[in-house]
């Protein structure tokens, strides 16, 4: 439901193949201030149709589903539905699946059983252009990034020679987990300028979305400051 704030409600689509879980998520999210559930789907293929019809800000997506799984659906969505973020909400917490979701373009990854506040914060962070991981996953993701960044940094070669100085600054902040709004405030530019710069960075890095760009940047040593 939407509160009295002047800001428009965050539009959300819920995707899960278990009806009882899906209905529960819809009820939970619709009861949160500033969030409006505009659709739901029972599998990844249906999700593509529903998202195309409703153009939500955020999709809360399960991973293991028939027809089209959540990671493949996320890859399709982030590739064609600019402006729509995906937050994975799943029972699966193995490192390979988490990283696959990020490379597909997911902006967040929560485990089922997360509290209402954690889900609320994740949806808001994703809608604002940030990334979020559940408390049990954040440390492992940080450890992964720390492990891959060090050898890449020692290579000494510039992995992204096509980036301008401004784009490098923005990429550094992206890799550090800053939202578009935070980057705009830091650089004293408009949100539109940051969005355009981020889109250019995606193209130059051949990244499908924010998560894949962050993975590539971290592997190259960005965001460690």
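The values are calculated or read from the model by the stated rules, or taken from the named source; none is laboratory data. These numbers come from a predicted model, not from an experiment. Positions of Cβ are backbone-derived with ideal geometry, glycine not excepted, and every protein chain shown enters the neighbour counts.
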Among (1) within 13 Å of residue 129 (Cβ to Cβ); (2) surrounded by fewer than 15 Cβ atoms within 10 Å (Cβ to Cβ), residue 214 falls short only on (2)
Can you tell me which residues in the range 51-64 are in contact with a strand residue (DSSP E or B) (Cβ under 9 Å, 6 or more places away or on another chain) and either farther than 16 Å from residue 10 by Cβ or not in a helix (DSSP H, G or I) (or both)? 53, 55, 56, 57, 58, 59, 60, 61, 62, 63, 64
Some residue of the range 74-82 being outside the structural domain of residue 199 (by TED's automatic domain parsing) and farther than 22 Å from residue 198 by Cβ: no
Among helices (runs of 4 or more DSSP H) entirely within the range 69-136, at least 3 residues that are buried (at least 21 other Cβ atoms within 10 Å of the Cβ), at pLDDT 85 or above and touching a helix residue (DSSP H, G or I) at 6+ places or on another chain (Cβ under 6 Å) occur in 70-80
Restricting attention to the range 54-64, report how many residues are touching a helix residue (DSSP H, G or I) at 6+ places or on another chain (Cβ under 8 Å) and crowded, with 19+ Cβ neighbours inside 10 Å. 7
Selection from the range 39-53 of residues under 19 Å from the mean Cα position of the chain (by Cα) and surrounded by fewer than 18 Cβ atoms within 10 Å (Cβ to Cβ) yields 52
